[in-house]
1. Going through 198, 190 one at a time, which residue ends up being touching a residue at least 40 places away in the same chain (Cβ under 8 Å) and not in a helix (DSSP H, G or I)?
2. Give the number of residues within the range 80-103 that are among the basic types (Lys, Arg) and out of contact with any Asp or Glu (no Cβ under 7 Å at 6 or more places or on another chain).
3. Could you please give the count of residues in the range 192-209 that are of a type in the set (Ser, Thr, Tyr) and under 16 Å from residue 231 (Cα atoms)?
4. Please tell me if residue 216 is at pLDDT 95 or above, in a strand (DSSP E or B) and not assigned by TED's automatic domain parsing to the domain that holds residue 124.
5. Of everything in the range 221-248, what is under 14 Å from residue 125 (Cα atoms) and either assigned to a loop (DSSP other than H, G, I, E, B) or of a type in the set (Val, Ile, Thr) (or both)? Give them in sequence order.
6. Could we say that residue 188 is touching a helix residue (DSSP H, G or I) at 6+ places or on another chain (Cβ under 8 Å) and of a type outside the set (Lys, Arg) here?
7. How many residues are of a type in the set (A, V, I, L, M, F, W, C), surrounded by 16 or more Cβ atoms within 10 Å (Cβ to Cβ) and in contact with a helix residue (DSSP H, G or I) (Cβ under 8 Å, 6 or more places away or on another chain) if we restrict to the range 42-59?
Amino acid sequence: MDLGRWILFLSYILTTLFACLTNALPDFQAFYCNYDYSDSMFKKNLGDITDRLSSSEVSFHNFSIGQNPADRVNVIALCRGDVDWDVCRSCLIDANAKLIAICPNENDPAKRKTGKISIGFYDECMLRFSDRHIFSTVSTMPNFFTYNEQKVPDAIIPQFDQAVRTLLNNLLQEASRGNSVRKFATGSITTGPRNNITLYGLAECTPDLNMEQCNRCLNGAAIKLPECCNGKIGGRLLRPSCNFRYEMGRFYDIEALKV
């Protein structure tokens, strides 16, 4: 086989392997993309994110890659507060690979004026990168809803929804008092005609926010939540700077929170 054919064959094998690995990655709960690969240095900097994430044992990252402001990548990576660091690292590396793979197919030229922005949400982590300044700044867009289609009986919807709002209000107060490593809170509340329904909730902000910023982001989530989730037995609102989730079964690791 001559050199040209060998290079072509090798390229085919590597492309196929990458496609298989990409397809094997889990689906995001939600994602948003707005960039293309016309800036080769920006693309290279995206590839370097994995090296930075691989060498760390923490659940929150905010860093920049690239000296030139024109192609610099600003990164915020956050894992759920009850997730162990090795699971966290794997989740973030998967998120980076997934965004790099899918975002070129999602590019919309009409949105380029808003900058290069990508964000992906898994259950255990969130990865966000941009060519714009994103640190210590509240970002509420894009926001996403996910929810369980099943609803509680109509007769108890007002009581149920009030319990969800009370739970979120309690958790946002606790989460906003967190530190520069973790702004995260979990808890539960009972509701229903005989207090026979237990709701479990989780609220989290990126730890680069201060108390007021975290509070404001989650308060905004409380205002938006009825748009998707009134009466639903489970729901979540995902924002770049904060997120809230509630379910009728416990979905977080209570033992991990004791460490």
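1. Details: 190 fails: touching a residue at least 40 places away in the same chain (Cβ under 8 Å).
Residue meeting the stated conditions: 198.
2. Step one: filter the range 80-103 for residues among the basic types (Lys, Arg), giving 80, 89, 98.
Keeping just the survivors that are out of contact with any Asp or Glu (no Cβ under 7 Å at 6 or more places or on another chain) gives 89, 98.
Count: 2.
3. Taking the range 192-209 as the starting set, the residues that turn out to be of a type in the set (Ser, Thr, Tyr) are 198, 200, 206.
So of that shortlist, the ones also under 16 Å from residue 231 (Cα atoms) come out as 198, 200.
Result for the range 192-209: 2.
4. On the way: at pLDDT 95 or above: yes; in a strand (DSSP E or B): no; not assigned by TED's automatic domain parsing to the domain that holds residue 124: yes.
The answer is no for residue 216.
5. Selection gives 239, 240, 241.
6. On the way: touching a helix residue (DSSP H, G or I) at 6+ places or on another chain (Cβ under 8 Å): yes; of a type outside the set (Lys, Arg): yes.
Considered against the rule, which asks whether it is touching a helix residue (DSSP H, G or I) at 6+ places or on another chain (Cβ under 8 Å) and of a type outside the set (Lys, Arg), residue 188 comes out as yes.
7. In the first step, residues of the range 42-59 are kept if they are of a type in the set (A, V, I, L, M, F, W, C); the result is 42, 46, 49, 53, 58.
If we keep only those that are surrounded by 16 or more Cβ atoms within 10 Å (Cβ to Cβ) too, we end up with 42, 46, 49, 53.
Cutting the leftovers down to in contact with a helix residue (DSSP H, G or I) (Cβ under 8 Å, 6 or more places away or on another chain) gives us 46, 49, 53.
Number satisfying all stated conditions: 3.
Here is a yes/no grid of residues against (1) surrounded by 15 or more Cβ atoms within 10 Å (Cβ to Cβ); (2) more than 27 Å from residue 63 (Cα to Cα):
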position: 189; (1), (2): yes, yes
position: 194; (1), (2): no, yes
position: 198; (1), (2): yes, yes
position: 202; (1), (2): yes, no
position: 210; (1), (2): yes, no
position: 222; (1), (2): yes, yes
position: 231; (1), (2): yes, yes
position: 237; (1), (2): yes, no
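The values are calculated or read from the model by the stated rules, or taken from the named source; none is laboratory data. This one's a predicted model, so the numbers in the text were calculated from it and none came from an experiment. All Cβ positions, glycine included, derive from the backbone under ideal geometry; neighbour counts span all protein chains shown.
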